[in-house]
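Below is one structure, written out as structure tokens; the observations come after it.
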Amino acid sequence: MQNTTLKGRLEHITFHNQENFYTIARLRIFENKSLVTILGYIPDPCPGETIKIEGVWETHPRFGEQLRFDSYEIILPATNKGIKNYLAKGFVKGLGPVTADRVINHFQDKTLEIIEKHPERLTEVKGIGKIIAQNIADSWRSSHAMRDLTQFLKKHGLKETYGARIYREYGENAVEVLTKNPYQIATDISGFGFYIADTLAQSMNIELDQSLRVKACILHLVERGSADGHVFIDVEQLKQLCESLFQIDIEESEKGINELIEENELIMEDLQDGPGTCAIYTKELYEAEIEIAGRINALLTVPLPASRVSEEVITKEVLQQLAIKLSDEQGEVLEGIFAHRAAVITGGPGTGKTTLIRSIAAVFNALGKKILLAAPTGRAARRLAEITSRKAATIHKLLGYNLAQNRFEKDQDDPLQADAVIIDEASMVDISLMRHLLRAVPMTAHIILVGDVFQLPSVGPGNVLADIINSQIIQTYELTTIFRQAQESRIIINAHRVRDGRALDFSSKTSETELSDFYFIEQKQPETIVKTIAGLYRKEIPQKFNLDRVQDIQVLTPMHKGLVGTFNLNRVLQQQLNPLPVLLETSGGGFKINDKVMQLKNNYKKTIFNGEIGNIKSIDAKAGSLEVDFDGRMVAYESGELDELSLAYAITIHKSQGSEYPAVIVPLITQHYVMLQRNLLYTALTRGKKLVILIGTKKAITIALHNDKPRQRLSYLLNRLRNQ
């Protein structure tokens, strides 16, 4: 598409996100006086300002033609009259009409240049002393700092959208910080920081200490390894990546690594009896590994009370409180739990993990012991509360996370008040959170970790539950018996086939009166898959299975991008499932009343957590705000918080961890190759309670079954547990 350049006056700001500066506005074009809608990123848009933008025209189904711009420039007036009009609109605080006239009369068309570059000269004007001159200068700098930053980024070939995050970090001094040492941003801003720093350094062509770049690069690569789930990175691999990706020779990277170790930023350890490597850790992750191993081993040395819980007491209490009879396997596990300070319960779907959690809680309760229940996510915690009919919390809430101080209130000095702590969905707990959890568990308490190690590992670094199980120092009970009722579920049968890496059973009942809970629809073309998903969601599943098409059905897909990624599927499903008009445009799309949305990150102020799903109940388009109903609890979002929400008709499989849905639709095609893994498929299948529909190709499913790569996370926790 050909770029279009427009110059005009901002007439009205329809929407502005203060967090990322996404703006929808009306622009009066100077050339033909027409009024057009523009969309893009402006830090502090002010009606009346003159701007020049460049972008491409697009057609919105409701709002018609609009220009989506990727660059903008504030055009300051150059004539006395223009400057007078500009100052009269209050763009510079401290300059009232009378004072502004005096300044303009004195400096003429150089007025704005004087305010920006030589504000001390303002004292030449009658009535302006040093304090007023400074206030005027501060006002100018404050209002123009963000604009200067975005122009600075544009000049050096960087996206202007980075400006929001950089400005939040450095404020008015952002350009000064970046000019002095661009690699400072690599230290202060995770994720994209190093790339911005490197691009700036190359573009500005300034003389910098080369060690700044080398050390920033090393920290970036170590951080990237953590983002991929690794607790450490092999030192030789680290040096090779420095060389291959950023042309830093081995000698320089070695020097940089040694300096960072001396500065206590990194820790190096020779893992002779482990993976056979020399490992580079961040200080936090190294201490987390050491502390987890130490706390677990210390916990295991604390003797249990002499009195044992008999099998008769267990059977009696479970029968009385829960009205269920445990299997022999479950009975043995339950009796063993009370004989160990720490234990793990694992197993696939249908093997009775839920029943055991309920039974453990019932027996502890009968013995007058205090038990605490928790899970990594809000949805998992609510499900735990439902199945046990007891209070359950997220681990963060259990430990009293303090947002203002970024720390947990509960630790070894102020431990949890409990005789037993049960953590469900423990496979989702990363190494940092496990460290804080174990700190807070009293040495006299039982800790029971319940989870399925065949699911996707934690989003954060580590493979903690698997390492604990494989260390064999904690009593682990693996449930293998699939109960009779579960044996009738093709979802559970196929989930266990995936666990074993065996081909799925695609045979299913197809009569109208006897429906299956598992189906495979073979389709190769992404366009056809999207149409089929829409039809299943809109009509076929609700009619055949008597399910609510919005609340009960969830599409789970491996990726965000592509035709069968979350972005496109949400757009298509929103159009087909919600006929209401878009009331609020955002950078990620539009929101409507009744839309299904998901929280994208933990928000401790609102006590809403990553992955929670709700429905939009009200929208104030003028204020750019909305309200979401999360399972009966209304949560308000201001305009600056909307980037915490996304449409949730389709979500990634990773985001579904810890949740269950009555029906799930899972598209799998070979275009997803990079994401097709056995535990991804297994996690997707085990999210469905009543119905799972796979749609795609058998080849893609075979690729996923044969790819067991995700377990190869770099961690030394297993060895530390054994060695201590």
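Select from region 582-609 the residues that are outside any strand (DSSP E or B), more than 13 Å from residue 620 (Cα to Cα) and either open to solvent by 50 Å² or more (accessible area, probe 1.4 Å) or charged (D, E, K, R) (or both) and list them in ascending order. Answer for region 582-609, where residues must be outside any strand (DSSP E or B), more than 13 Å from residue 620 (Cα to Cα) and either open to solvent by 50 Å² or more (accessible area, probe 1.4 Å) or charged (D, E, K, R) (or both): 587, 588, 594, 595, 600, 601, 602, 604, 605, 606, 607.
Considering region 452-477, and only residues there that are polar (S, T, N, Q) and assigned to a helix (DSSP H, G or I), the residue that is most open to solvent (accessible area, probe 1.4 Å) turns out to be 470. Residue 332: open to solvent by 20 Å² or more (accessible area, probe 1.4 Å), at pLDDT below 95 and acidic (Asp, Glu), yes or no? Yes, satisfied. The residue that is surrounded by the most Cβ atoms within 10 Å (Cβ to Cβ), counting only those in region 262-277 that are under 31 Å from the mean Cα position of the chain (by Cα) and among the hydrophobic types (A, V, I, L, M, F, W, C), is 266. Please verify whether residue 50 is open to solvent by 40 Å² or more (accessible area, probe 1.4 Å) and among the polar types (S, T, N, Q), treating the condition exactly as stated. No: the conditions fail for residue 50. Give region 57-90 a look and list any residue that's in contact (Cβ under 8 Å) with a residue 40 or more places away in the chain and more than 33 Å from the chain's Cα centre (by Cα), or say none. Residues satisfying the conditions are 74, 75, 89. Sub-9 Å Cβ pairs linking a first residue in region 29-56 that is part of a strand (DSSP E or B) to a second residue that is among the acidic types (Asp, Glu) and surrounded by fewer than 15 Cβ atoms within 10 Å (Cβ to Cβ), at least 6 apart or interchain, are 35/11; 36/65; 37/65; 39/58, ordered by first then second residue. Considering the conditions (1) touching a helix residue (DSSP H, G or I) at 6+ places or on another chain (Cβ under 9 Å); (2) assigned to a helix (DSSP H, G or I), residue 94 is excluded by exactly one of them, (2). Each residue in region 353-383 was checked for being crowded, with 22+ Cβ neighbours inside 10 Å and either assigned to a loop (DSSP other than H, G, I, E, B) or among the polar types (S, T, N, Q) (or both), and 3 of them qualify.
The set of residues in region 247-261 that are under 21 Å from residue 202 (Cβ atoms) and open to solvent by less than 10 Å² (accessible area, probe 1.4 Å) comprises 248, 253, 256. Scanning region 1-41 for residues that are of a type in the set (S, T, N, Q) and either more than 16 Å from residue 624 (Cα to Cα) or open to solvent by less than 70 Å² (accessible area, probe 1.4 Å) (or both) yields 2, 3, 4, 5, 14, 17, 20, 23, 32, 34, 37. Checked against the criterion of being at pLDDT 90 or above and in a strand (DSSP E or B), region 556-565 has at least one qualifying residue. Taken over region 636-659, the criterion of being open to solvent by less than 10 Å² (accessible area, probe 1.4 Å) and more than 17 Å from the chain's Cα centre (by Cα) is satisfied by 637, 649.
So that you can scan it fast, the table gives a plain yes or no per residue for (1) more than 16 Å from residue 195 (Cβ to Cβ); (2) hydroxyl-bearing (Ser, Thr, Tyr); (3) surrounded by fewer than 16 Cβ atoms within 10 Å (Cβ to Cβ); (4) modelled with pLDDT of 85 or more:
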position: 128; (1), (2), (3), (4): yes, no, no, yes
position: 149; (1), (2), (3), (4): yes, no, no, no
position: 160; (1), (2), (3), (4): no, no, no, no
position: 168; (1), (2), (3), (4): yes, no, yes, no
position: 175; (1), (2), (3), (4): yes, no, no, yes
position: 182; (1), (2), (3), (4): no, no, no, yes
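For region 377-407, the set of residues classified as under 18 Å from residue 605 (Cβ atoms) and basic (Lys, Arg) consists of 397, 407, listed by residue number. Checking each residue in region 209-239 for being part of a helix (DSSP H, G or I), surrounded by fewer than 19 Cβ atoms within 10 Å (Cβ to Cβ) and not polar (S, T, N, Q) picks out 212, 223, 224, 227, 236.
The values are calculated or read from the model by the stated rules, or taken from the named source; none is laboratory data. The structure displayed is predicted, hence computed values, not measured ones. Note that we place each Cβ from the backbone using ideal geometry, even for glycine, and neighbour counts take in every protein chain shown. All accessible areas refer to the heavy atoms of the entire protein, side chains included, with ligands and DNA or RNA removed. Shrake-Rupley method; radii C 1.70, N 1.55, O 1.52, S 1.80 Å.
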